[in-house]
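Enquirer: Okay, handing you the structure first.
The values are calculated or read from the model by the stated rules, or taken from the named source; none is laboratory data. Everything numeric here is computed off the predicted structure, so don't read it as measured data. Cβ coordinates were reconstructed from backbone atoms using ideal geometry, including for glycine residues, and neighbour counts include every protein chain displayed.
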């Protein structure tokens, strides 16, 4: 997925999770919301800035790096995939944590887990060899998530 698309998707998801960021109008269907702010807010994070960022524990130790964001069929971020335990790109593994567990503190991403706890988690596979999920990109035109 292109960085611009990921940025737009993540900004929409973060905005949807923020109370008051959207307002219902009578001219729009109940399932759609109008954007009331046309500038990124202080409690929002761009996907392009999140992917590749280091994640720190509460003791300010680097515990991993955001590798990817996985969207569900409704277009919401399902999990944040972290690369943990790697040194110079080798020996690590991917683990998945809910987006709600990742916080921002002093302009850094934080997680209330230790590196050891993350390393003990089950590995997360970004591609499913049985179904092919995760191995292809979305079509450039047409098609919608959830359909």
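Enquirer: So for the range 77-98 (the condition being within 23 Å of residue 45 (Cα to Cα) and at pLDDT below 80), does at least one residue qualify?
Expert: no
Enquirer: List every residue pair whose Cβ atoms sit under 7 Å apart, with the two residues 6 or more apart in sequence or on different chains, where the first one lies in the range 112-128 and is on the phi < 0 side of the Ramachandran plot and assigned by TED's automatic domain parsing to the domain that holds residue 79 and the second, anywhere, is assigned to a loop (DSSP other than H, G, I, E, B) and surrounded by 15 or more Cβ atoms within 10 Å (Cβ to Cβ).
Expert: 113/57; 114/57; 115/57; 119/85
Enquirer: Please state which of the following conditions residue 25 fails to meet, knowing it meets all the rest: (1) at pLDDT 90 or above; (2) not assigned by TED's automatic domain parsing to the domain that holds residue 110.
Expert: (1)
Enquirer: How many residues does the range 59-71 contain that are within 11 Å of the chain's Cα centre (by Cα) and assigned to a loop (DSSP other than H, G, I, E, B)?
Expert: 0
Enquirer: I want to confirm something. Restricting to the range 106-127 and keeping residues that are farther than 17 Å from residue 80 by Cα and not in a helix (DSSP H, G or I), which single residue is modelled with the lowest pLDDT?
Expert: This residue is 106.
Enquirer: Would you be able to say whether some residue in the range 50-63 is at positive phi, modelled with pLDDT under 90 and assigned by TED's automatic domain parsing to the domain that holds residue 120?
Expert: no
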